[in-house]
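To start, the structure under review is shown below, and the notes come after it.
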Amino acid sequence: MKLYFLGGGNMASSIIAALKNQYSDLSIHVVERYPEQRETLVQRFGVSVSETLPTLQKDDVLLLAIKPQDMAAACANIQTNGALVLSIAAGLSVDTLSQYLGGTHRIVRIMPNTPARVGLGVAGLFADVEANDDDQAFADKLMSSCGQTIWLKDEAQMHAITAVSGSGPAYVFYLLNALQAAAQAQGFDEKTAYEMSLQTFKGAVALAEQSDLSFGELQQQVTSKGGTTFAALECFRKHQLDAHFIDGVNAAAERSLEMAKM
Ligand SMILES: NC(=O)c1ccc[n+]([C@@H]2O[C@H](COP(=O)([O-])OP(=O)(O)OC[C@H]3O[C@@H](n4cnc5c(N)ncnc54)[C@H](OP(=O)(O)O)[C@@H]3O)[C@@H](O)[C@H]2O)c1
């Protein structure tokens, strides 16, 4: 069995890095059109590379890691020969992929996120009708090396997972950036403000991980009525920050749906 990646860009590199950490003997081949990128992949991961996809065998696995807009053209010349196909392309349904790939339904769709690079990702997975238990177990093992896996029963939930965990790291960076800006507005220099913000997030996440309390209860623990945190949270509430946040996630899910229709 060989694991082929079609596309050796950002997301493929993140997944390969995590896989190589855990399964050093896994045979990986990357198909990538840029010669410089092929060279980088060989140097970084010791994988084999080529410009075009070699002939697939039934026990091979093909992971599609190119941009959705490139998919139709790239798949036009692929004979899957019964191999399992995994796709991380945003917005492309299993039916669309099946059409591109000559009718196979041995497909598992995956929505990863960028913390996969450090083994702390979240991936949503959905199995098409011909992906059997072994196929699903393989996909799960693959993505578990990059973090947590969440299996979806309904493919439509892919839009929701895209909006929550797929785009989620950007929301966290947005909040980190806002906290750093607030710290600088309080007079701290850029570097100190950066470190304070990052460590505050890390500390709060570690605290939440070690606690049985909900996020709301943890928030209450540092909020005494009339105190400093209370003053900040009242300000957030007045501006309906949480409602805006929910609107933002809704907008991402709606955009994912629109893109799938396109
Ligand atoms: N980045 C994320 O946060 C993220 C999260 C979840 C899912 N995804 C999904 O992951 C997929 C890949 O995203 P990415 O950010 O890793 O993209 P990327 O960095 O652009 O990587 C794709 C690579 O594949 C190459 N390529 C395109 N068509 C090819 C072909 N026919 N044969 C060989 N190589 C080809 C591209 O070359 P060119 O530059 O010439 O196109 C590029 O080097 C996308 O479908 C995206 O929806 C990404």
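The values are calculated or read from the model by the stated rules, or taken from the named source; none is laboratory data. Note that the structure is a prediction, hence the values are computed from the model and not measured. In this analysis, Cβ positions are derived from the backbone assuming ideal geometry, glycine residues included, and neighbour counts consider all displayed protein chains.
Just a few scattered comments:
- Residue that is surrounded by the most Cβ atoms within 10 Å (Cβ to Cβ) [pool: residues in region 198-240 that are more than 15 Å from residue 175 (Cβ to Cβ) and of a type in the set (Ser, Thr, Tyr)]: 223
- Residues satisfying the stated conditions in region 31-64, i.e. out of contact with any Lys or Arg (no Cβ under 7 Å at 6 or more places or on another chain) and assigned to a loop (DSSP other than H, G, I, E, B): 33, 34, 46, 47, 52, 53, 54, 55, 56, 57, 58, 59
- Residue match in region 149-167 (condition: farther than 14 Å from residue 126 by Cα, touching a residue at least 60 places away in the same chain (Cβ under 8 Å) and of a type in the set (Val, Ile, Thr)): yes
- Applying the criterion of at least 3 residues that are closer than 18 Å to residue 259 by Cβ and not polar (S, T, N, Q) to the strands (runs of 3 or more DSSP E) found wholly in region 72-144 leaves 107-111.
- Test for residue 67: is it within 17 Å of residue 85 (Cβ to Cβ) and within 9 Å of the ligand (Cβ to nearest atom): yes
- Selection within region 28-40: residues that are of a type in the set (A, V, I, L, M) and near the ligand (Cβ under 10 Å from one of its atoms). The member of this set that is surrounded by the most Cβ atoms within 10 Å (Cβ to Cβ) is 30.
- Inside region 1-35, residues that are in contact with a helix residue (DSSP H, G or I) (Cβ under 8 Å, 6 or more places away or on another chain) and free of Cβ contacts under 8 Å to residues at least 24 places away in the same chain make up a count of 1.
- Residue among 25, 59 that is under 21 Å from residue 142 (Cα atoms), in the same structural domain as residue 108 (by TED's automatic domain parsing), exposed (fewer than 13 other Cβ atoms within 10 Å of the Cβ) and at pLDDT 95 or above: 59
- Test: residue in region 93-114 that is more than 16 Å from the ligand (Cβ to nearest atom), closer than 30 Å to residue 206 by Cβ and assigned by TED's automatic domain parsing to the domain that holds residue 152: no
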